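This report concerns only the one structure given below.
The values are calculated or read from the model by the stated rules, or taken from the named source; none is laboratory data. Owing to the predicted nature of the structure, the values given are computational and were not obtained by experimental measurement. In this analysis, Cβ positions are derived from the backbone assuming ideal geometry, glycine residues included, and neighbour counts consider all displayed protein chains. Heads up: the accessible areas ignore ligands, DNA and RNA and are worked out on the full protein's heavy atoms, side chains in. Shrake-Rupley method; radii C 1.70, N 1.55, O 1.52, S 1.80 Å.
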Amino acid sequence: MQTDALRAESVRKVYRGRNSPDIEALSGVSLRISKGERIALLGRNGAGKTTFLRISSTLLAPTSGSVSIFGRDAIADPEAVRPYLAVVPQEGKPFMHLTPREQAYTYLRARGFSAETAKARAEHALEQMGLTEVADRLSITLSGGQRQRTMVATVISTEAPLLFLDEPTIGMDPFARRGVWDSFRELTRKGSTILLTTHYLDEAEALSQRLYIIDEGRLLAEGTADDLKRSVGGTLRVSVVSGDGITAQLATFGPLVRDGDTVHVITGPQRIQEILELAAHSKLTATVGPVTLEEAFLRVVGRSINDES
Amino acid sequence: MNLEPAFPLQRRSRWSGLGAFIGTELRVQLHEVLSIGVSVIVQAVFLVFVSVLARQYLPYTIIGAVVFSTFQIGQRVQNESAWIRIDHKLHELYHASPMTPEAYFLGMSIGILLAYCAPILVLSGAAEYFVRFSGTAALIFLGVLACEFVFTASVGYMISTWFRNMRSIWPYSTLFFNFFGVLPPVFYPLWLFPSALQPIILILPTAGGTALVEHASGLLALPLDWILIAAVSLVGGALLAFVGAVYWARRISRER
Ligand SMILES: Nc1ncnc2c1ncn2[C@@H]1O[C@H](COP(=O)(O)OP(=O)(O)O)[C@@H](O)[C@H]1O
Ligand SMILES: [Mg+2]
């Protein structure tokens, strides 16, 4: 029988407030990740992504529920599973007085790799993260994006069987993000399993084989990006800005998805012309495009991923 | 061919990775040349101050200064560990790894000790010049310093985990300094302290340790029961603090 890399059952987390009300950050999250999968947890700020990642990676105790890693109980015996893990924490920073090269190398040495292996792996990871040129500069002199890349390089250089990355590409330029994505693909090809969190739709789509949408501590949807897009109910969307006044008419063309004062009509190619005419008739701006993960997210969560409320 | 397993899953012992992490912390700390230099200068200035004011107390002051600069390692452990946890979140890299939380705690402590051994060595040199220790006294001195380090690093590490932001930690550094260093007879001889409280104050590792070294080098004559009080609390305190810190390090490696 194939054991899952990660299995979570009904994980709940209530943060007990001392002088503030308790916060239920997770209300029963269950998921399964097979060996070698690349999975994204997609959600708005405050959805519970970090909480889930920290619980799964043995850094935070759940209020209830169970987590097993490669078939071992990670709640009862965190030490037994820790050797398999590597974690990029949210908003982590490397040692300011180490260079990226030293950071990755010393971390691998502390994890028990030989000097030779540590050197080779650190080198490879730095190259993948495009850090070769700054590899010998102290982190204190690096930009935020370069520091974040150093963190990712340090952690992926372990090639750990199960990697957790909390918003790994935050603060990176588009070019660097692509480097990170490539390195993740390479890691899963080599047999690692990856769970990452993100609130970038393009990242979740480009990178994950499957993704979970999380909101207010619950998993609301699961599937491939294509599955989720299909579930929206059409292949094209017509977005009508300030379309509130004509929602009743718009609804006759297909499912509606709202994003602030924009109304997206999900439909097929044959109805596009009519909707555009209707919008033009009401003097409203309308644009046409393929259905994206954004509409899927809006439909599932009811709010935009950038909605902070 | 490289026969090393792709991923070392078997931890050899609970202290695996300790050496490498000591190296990491030492490497990090040695950039703080200014801080290390200042720590030497501060103590030196203090000695000049005492030699002008009360030259007859100088040997006591120097011994106290060696003990206290060792003791201050704990303050640095406290600040460093809190900083790495709160600002860098690097502890998560090390906890979710084959390295144990206790190896992390001890590695950080020893790394800081090695980085900041300069003031301890300089002051020890001065102490030897003024006091001339016998072999036994030197051994006792060394043992006392070892206990001071273990105690203070353990307590410093535990304290560091109780806070969520750096600002609230600073006052504890002052408390450390005043409660363990300035108030009790560390920089001044025991007999200047209120006599009724003298055996009690020996319970403090700084005062007790200093008194033991001074006794061993003939600067003080402690009755046997006072020696026992000082020695038992020093060694017992160090052991207890260390066991407590190991337990605590393991426990907080997973937040609640
Ligand atoms: N240590 C904590 N104490 C109290 N509440 C917390 C703590 N950490 C997170 N929360 C709350 O739990 C919820 C989920 O947070 P988090 O898991 O960080 O979400 P995300 O990573 O998706 O942004 C939020 O409402 C957040 O305010
Ligand atoms: Mg988060």
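In table form, for the structure just shown:
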quantity	calculated
Any pair with Cβ under 9 angstrom, 6 or more apart, that starts in the stretch A:198-226 at a residue that is within 14 Å of chain B (Cβ to nearest Cβ) and ends at one that is aliphatic (A, V, I, L, M) and within 16 Å of ligand 2 (Cβ to nearest atom)	none
Number of positions in the stretch A:1-30 that are away from ligand 1 (no atom under 15 Å from the Cβ) and either more than 14 Å from chain B (Cβ to nearest Cβ) or over 20 Å from A:LEU165 (Cα atoms) (or both)	8
Helices (runs of 4 or more DSSP H) contained in the stretch B:122-237 and holding at least 1 residues modelled with pLDDT of 95 or more	B:135-160, B:198-201, B:205-216
Condition met for A:ARG54 (of a type in the set (Lys, Arg) and either away from ligand 2 (no atom under 16 Å from the Cβ) or more than 11 Å from every other protein chain (Cβ to nearest Cβ) (or both))	no
Every residue from the stretch B:16-35 that is in a helix (DSSP H, G or I), more than 14 Å from B:ASN79 (Cβ to Cβ) and in contact with a helix residue (DSSP H, G or I) (Cβ under 6 Å, 6 or more places away or on another chain)	B:LEU18, B:ALA20, B:PHE21, B:ILE22, B:THR24, B:LEU26
Total residues in the stretch B:100-120, condition more than 19 Å from A:LEU59 (Cβ to Cβ), assigned to a helix (DSSP H, G or I) and touching a residue at least 12 places away in the same chain (Cβ under 8 Å)	11
Residue check, A:ILE33 in contact with a strand residue (DSSP E or B) (Cβ under 8 Å, 6 or more places away or on another chain), within 14 Å of chain B (Cβ to nearest Cβ) and more than 12 Å from ligand 1 (Cβ to nearest atom)	no
Entirely in the stretch B:50-97, the helices (runs of 4 or more DSSP H) that have 2 or more residues that are free of Cβ contacts under 8 Å to residues at least 24 places away in the same chain	B:90-95
Residues satisfying the stated conditions in the stretch A:69-101, i.e. within 29 Å of A:TYR200 (Cβ to Cβ) and either assigned to a strand (DSSP E or B) or within 16 Å of ligand 2 (Cβ to nearest atom) (or both)	A:ILE69, A:LEU85, A:ALA86, A:VAL87, A:VAL88, A:PRO89, A:GLN90, A:GLU91, A:GLY92, A:LYS93
Whichever residue in the stretch A:102-144 is basic (Lys, Arg), assigned to a helix (DSSP H, G or I) and more than 9 Å from every other protein chain (Cβ to nearest Cβ) and, among such residues, is least open to solvent (accessible area, probe 1.4 Å)	A:ARG121
Residue that is farthest from ligand 2 (Cβ to nearest atom), among those in the stretch A:149-175 that are open to solvent by less than 10 Å² (accessible area, probe 1.4 Å), over 14 Å from the mean Cα position of the chain (by Cα) and without any contact (Cβ under 8 Å) to a residue 60 or more places away in the chain	A:SER157
Scope the stretch A:203-217; condition in a loop (DSSP other than H, G, I, E, B), out of contact with any Phe, Trp or Tyr (no Cβ under 9 Å at 6 or more places or on another chain) and within 15 Å of ligand 1 (Cβ to nearest atom); matching residues	A:GLU216
Whichever residue in the stretch A:38-50 is surrounded by 23 or more Cβ atoms within 10 Å (Cβ to Cβ) and not hydrophobic (A, V, I, L, M, F, W, C) and, among such residues, is nearest to ligand 2 (Cβ to nearest atom)	A:LYS49
